[in-house]
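Down below is the structure, laid out as structure tokens.
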Amino acid sequence: MSVLPKRATAPVPVPPRPRGGVLGPAYRTLSIGVISVVFLIAFEATAVGTAMPVAARELEGIGLYAFAFSAYFTTSLFGMVLSGQWADRQGPLRPLTVGIGAFAAGLVCSGTAGAMWMFVLGRAVQGFGGGLVIVALYVVVSRAYEERLRPAIMAAFAASWVVPSIVGPLASGTVTEHLGWRWVFLGIPALVFVPLAVALPAIRRSASGPVDPQAPPVAFDRRRIRLALGISVGAGLLQYAAQDLRWLSLLPGLAGVALLVPAVLGLLPRGTYRARRGLPSVVLLRGVAAGSFIAAESFVPLMLVTQRGLSPTLAGFSLALGGVTWAAGSWVQSKGRVAPYRQRLMVLGMVMVAAAIAGAPAVLVEWVPVWTMALVWALGCLGMGLVIGSTSVLLLKLSAPEEAGENSAALQISDALANVVLLAAGGAAFGALGGGAVGAAHSVAEGGGAAHPAAFVVVFLPMACVALVGCWVATRLDPVPAAAPGSETGAAADAGAAADAGAGAEDGVKA
């Protein structure tokens with residue numbers, strides 16, 4: 001049998017990569033569009049929180065006040081999973097468009113609500129839209145930006161929170177006082193047209209459609225959709241049980257745990273809660289960092305109002321400096337020259353977070369100046385900027401293009417779920433030690449109420465311990481552990497880590 005020589009083939013020309021930064025000619029329109037979307041979400045988060053107490057009082061729904069927050073987080077968990085699958089199969093354009101529309105519709109529903117249950121429903125619709133949007137944005141970054149630019153665009157996302165964190169509460173308070181709380185909710189949807197007009201055409205040109213247009217379409221994973229629904233319902237039941245400290249509340253609490261455990265195991269990367277090296281530890285660190293910090297931060301204004309007599313406005317502004325330092329930390333991690341030291345930088349960031357959370361209760365001591373709270377929390381925000389931006393960059397680096405949506409969803413699920421669980425735990429501990437004494441709306445507004453200082457201590461110190469665990473998790477982000485080159489132990493470790501990394505790539509976010 002003769003063997004014919006192979007025909008020579010000319011190499012396929014590779015188009016030159018566009019140069020410049022995220023605001024260079026090749027990326028400018030897209031960057032402005034996606035940053036506008038993040039700015040909208042940031043402004044909503046800071047503005048709506050200011051108007052929420054007034055809305056709850058007017059709608060006679062103080063008893064459902066906590067659900068106005070938890071409804072957003074629980075439905076966003078379902079939206080994240082759906083968005084991840086949708087974006088991987090059809091591109092991020094559709095989930096982003098639907099998400100922005102649902103986000104605006106939820107605001108209108110809450111702004112026109114005549115009863116508290118309708119207000120909570122609007123927050124749930126809004127959370128679903130927010131979950132769709134945030135994961136779709138990660139997929140846009142994965143597809144449209146080359147790897148060298150991803151740290152910079154993540155830093156720009158963080159910087160988009162600076163102005164809203166300062167201006168949002170002041171603008172919302174002014175509108176609420178002079179026009180009414182409804183205009184805060186009804187005014188924000190008008191801002192939706194800016195990101196829609198700028199971002200969507202740019203995304204359509206650079207990141208629309210499936211990764212491989214020639215591949216046959218893949219159906220949605222119904223099992224993952226059911227798990228997503230389970231995680232949302234379970235988180236809501238757990239939040240309800242934590243808010244109502246009675247023996248009867250154990251029933252919804254246990255039901256919530258029964259739904260959460262299998263859902264979490266099915267939706268997060270295998271080995272996440274064993275802190276397996278690589279992608280699982282990246283996802284775990286995101287939850288540990290965000291959950292411990294946000295759960296602690298939620299009690300900072302309340303502590304300053306009730307224990308040190310600050311007005312709600314001054315208590316809120318004590319956190320404003322943190323928006324600047326968070327953006328600064330994200331900017332530092334975006335620099336190319338720090339990339340080889342990213343893991344060490346993240347360990348340092350978690351040390352800062354733990355130190356800030358542990359140091360916050362110092363203001364309970366009368367002779368400690370109250371302004372030290374702003375400095376302490378600015379340190380923690382600097383650490384969060386280093387960690388959160390880096391986890392986003394590492395996740396995209398460790399994800400194949402066709403897995404970017406599901407893995408981004410896993411990262412956001414870890415973030416949101418940790419917020420819900422640790423907030424529930426912190427709220428239960430706070431209430432058990434007399435924190436309910438400050439629960440009345442009029443007490444908080446007037447700086448009254450007399451919760452025992454220990455009620456705050458039992459929130460902050462456990463969260464600091466959780467952040468310290470994050471310091472250890474941050475040492476396990478590299479799929480290949482550091483070892484002496486050429487050593488037999490090092491070779492074995494490298495081989496085992498490579499096997500882990502390969503298994504992780506095959507598993508994606510499947511349990």
Do any residues in the range 176-188 that are touching a residue at least 60 places away in the same chain (Cβ under 8 Å) and within 17 Å of residue 114 (Cα to Cα) have Cβ atoms under 9 Å from those of residues that are open to solvent by less than 20 Å² (accessible area, probe 1.4 Å) and outside any helix (DSSP H, G or I), where the two are at least six apart or on different chains, and which pairs are they?
182/113; 185/113
Every listed condition ((1) modelled with pLDDT under 65; (2) in a helix (DSSP H, G or I); (3) among the β-branched types (Val, Ile, Thr)) holds for residue 74 save (1)
Which residues, counting only those in the range 389-410, are open to solvent by 10 Å² or more (accessible area, probe 1.4 Å) and among the polar types (S, T, N, Q)?
399
Do the conditions hold for residue 139, that is, is it closer than 29 Å to residue 29 by Cα, surrounded by fewer than 22 Cβ atoms within 10 Å (Cβ to Cβ) and among the aliphatic types (A, V, I, L, M)?
no
Is there a residue in the range 293-308 that is small (Gly, Ala, Ser), open to solvent by less than 30 Å² (accessible area, probe 1.4 Å) and within 30 Å of residue 163 (Cβ to Cβ)?
yes
Does the range 103-119 hold any residues that are surrounded by fewer than 24 Cβ atoms within 10 Å (Cβ to Cβ) and of a type in the set (A, V, I, L, M, F, W, C), and which are they?
104, 105, 108, 109, 113, 115, 116, 117, 118
For the range 94-112, which residues satisfy the criterion of being small (Gly, Ala, Ser) and either over 21 Å from residue 180 (Cα atoms) or under 20 Å from the mean Cα position of the chain (by Cα) (or both)?
99, 101, 102, 104, 106
Taking interchain pairs and intrachain pairs at least six residues apart, which have beta carbon atoms under 7 angstrom, with the first residue in the range 85-109 and free of Cβ contacts under 8 Å to residues at least 24 places away in the same chain and the second open to solvent by 10 Å² or more (accessible area, probe 1.4 Å) and among the hydrophobic types (A, V, I, L, M, F, W, C)?
94/86; 106/125; 109/118; 109/121; 109/125
Examine the range 343-360 for a residue that is open to solvent by 20 Å² or more (accessible area, probe 1.4 Å), of a type outside the set (D, E, K, R) and touching a His at 6+ places or on another chain (Cβ under 7 Å), and state whether such a residue exists.
no
Going through the range 339-377 one residue at a time, which ones are touching a helix residue (DSSP H, G or I) at 6+ places or on another chain (Cβ under 6 Å), modelled with pLDDT under 90 and more than 26 Å from residue 458 (Cβ to Cβ)?
342
Count of the range 231-287 residues which are farther than 28 Å from residue 344 by Cα, open to solvent by 10 Å² or more (accessible area, probe 1.4 Å), within 21 Å of the chain's Cα centre (by Cα) and not hydroxyl-bearing (Ser, Thr, Tyr):
9
Looking at residue 450, is it modelled with pLDDT under 75, over 19 Å from residue 76 (Cβ atoms) and in contact with a Pro (Cβ under 7 Å, 6 or more places away or on another chain)?
no
Note on residue 162: of the conditions (1) touching a Ser or Thr at 6+ places or on another chain (Cβ under 9 Å); (2) modelled with pLDDT under 80, unmet is (1)
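The values are calculated or read from the model by the stated rules, or taken from the named source; none is laboratory data. Given the structure is predicted, the values throughout are model-derived calculations rather than measurements. Glycine gets a Cβ as well: all are built from the backbone with ideal geometry, and neighbour counts include every protein chain shown. Surface accessibility is based on the protein's heavy atoms, side chains included, excluding ligands, DNA and RNA. Shrake-Rupley method; radii C 1.70, N 1.55, O 1.52, S 1.80 Å.
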